[in-house]
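The values are calculated or read from the model by the stated rules, or taken from the named source; none is laboratory data. Source: prediction; values computed, not measured. All Cβ positions, even for glycine, are placed from backbone atoms using ideal geometry, and neighbour counts span all protein chains on display. What goes into the accessible areas is simple: the full protein's heavy atoms, side chains included, and nothing from ligands, DNA or RNA. Shrake-Rupley method; radii C 1.70, N 1.55, O 1.52, S 1.80 Å.
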Amino acid sequence: MKMRHGYLLLVLALFFSCHGKINADTDSTAAGTSEGSGKITFIELGSVNCIPCRAMVPVMEQIENELGDQVEVVFHDVWTDEGRPYAQTHGIRVIPTQVFLDRNGKEFYRHEGYFPAEELYPILQQGGVKLP
């Protein structure tokens, strides 16, 4: 069991460090603003070591794959030195926390805990995302 758990953490760490679409603390969009990009920003604040946070990985991938032209997905591992400032910037209390920014970079919705995709879509629509 310990070996399997370690393998899963390694896979998740590699995913978040190498995945080409979901930003992870590496560029200007990682600061959590979609200003100027013309996209809604979906910020996932969590950790690769948190079980509910790991459950959000397929949700983030689904949103990126289906709505990547309208939604920018950003992940911050707030249990790392690089991600910790984002926890303070966004004033989170628990992980995972999802923060949604409009096209001007202004927060329009926030959710704490696991957020299934089917419940997330209406929130994106509130922000102006057109669903397929």
Take R103 and decide whether it is of a type in the set (K, R) and either open to solvent by less than 60 Å² (accessible area, probe 1.4 Å) or touching a residue at least 24 places away in the same chain (Cβ under 8 Å) (or both).
yes
Looking at the structure I just gave you, is A31 of a type in the set (A, V, I, L, M, F, W, C), modelled with pLDDT of 95 or more and out of contact with any strand residue (DSSP E or B) (no Cβ under 6 Å at 6 or more places or on another chain)?
no
Among the numbered conditions (1) at positive phi; (2) in contact with a Ser or Thr (Cβ under 7 Å, 6 or more places away or on another chain), tell me where L101 comes up short.
(1)
Can we say H76 is in contact with a helix residue (DSSP H, G or I) (Cβ under 9 Å, 6 or more places away or on another chain), open to solvent by less than 70 Å² (accessible area, probe 1.4 Å), closer than 21 Å to A117 by Cα and modelled with pLDDT under 95?
no
Based on what the data block shows, is I51 touching a strand residue (DSSP E or B) at 6+ places or on another chain (Cβ under 8 Å), at pLDDT 95 or above and of a type in the set (A, V, I, L, M, F, W, C)?
no
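The rows are residues; the columns are (1) more than 11 Å from the chain's Cα centre (by Cα); (2) closer than 19 Å to G38 by Cα.
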| position | (1), (2) |
| --- | --- |
| V57 | no, no |
| L67 | yes, yes |
| T80 | yes, no |
| G91 | yes, no |
| V99 | no, yes |
| Y114 | yes, no |
| Q125 | yes, yes |
When the stretch 91-132 is examined, which residues are found to be at pLDDT 95 or above, of a type in the set (A, V, I, L, M) and closer than 18 Å to D69 by Cβ?
L101, A117, L120, I123, L124, V129
